[in-house]
Amino acid sequence: MKYATLFVVMLMISYQPFYETLFQKGITEYYLIFKQGVTASTLHRMKHGKPISTTTLNTLCEILDCRVENVLEYVPDADNAETPYS
């Protein structure tokens, strides 16, 4: 019998700025889905910390008239925070 290896993936991208931007601009998910054509699955993926494409990111920035950092932010993994990259 073969056993699958379980990998724990630490989320390093947060969409919290997206929800803050929506609130600040008074925009609802309903508006994004039914008036702007953003798919419900895209919003679902973001709510659950799943990746989105750069095309989707660009579209959200255009709709919200904002910068990338108003949609997502990088959150370093605590275990690798001190690891320098060469």
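Brief remarks follow.
- Filter result (touching a residue at least 12 places away in the same chain (Cβ under 8 Å) and of a type in the set (Val, Ile, Thr)) within region 10-51: 13, 21, 27, 38, 42
- Tally, over region 15-32, of residues that are in a helix (DSSP H, G or I) and within 16 Å of the chain's Cα centre (by Cα): 10
Conditions tested, residue by residue: (1) surrounded by 11 or more Cβ atoms within 10 Å (Cβ to Cβ); (2) touching a helix residue (DSSP H, G or I) at 6+ places or on another chain (Cβ under 8 Å); (3) modelled with pLDDT of 95 or more.
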| position | (1), (2), (3) |
| --- | --- |
| 1 | no, no, no |
| 22 | yes, yes, yes |
| 32 | yes, yes, yes |
| 36 | yes, yes, yes |
| 42 | yes, yes, yes |
| 54 | no, no, yes |
| 68 | yes, yes, yes |
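- Contacts under 8 angstrom Cβ, first residue in region 64-78 being part of a helix (DSSP H, G or I), partner among the β-branched types (Val, Ile, Thr), 6 or more apart: 64/21; 64/27; 64/71; 70/21
- Complete set of residues in region 33-60 that are assigned to a helix (DSSP H, G or I) and farther than 20 Å from residue 12 by Cα: 33, 34, 35, 40, 41, 59
The values are calculated or read from the model by the stated rules, or taken from the named source; none is laboratory data. Keep in mind that this is a model prediction, so the values were computed, not measured. Positions of Cβ are generated from backbone atoms using ideal geometry, with glycine treated the same way; all protein chains shown enter the neighbour counts.
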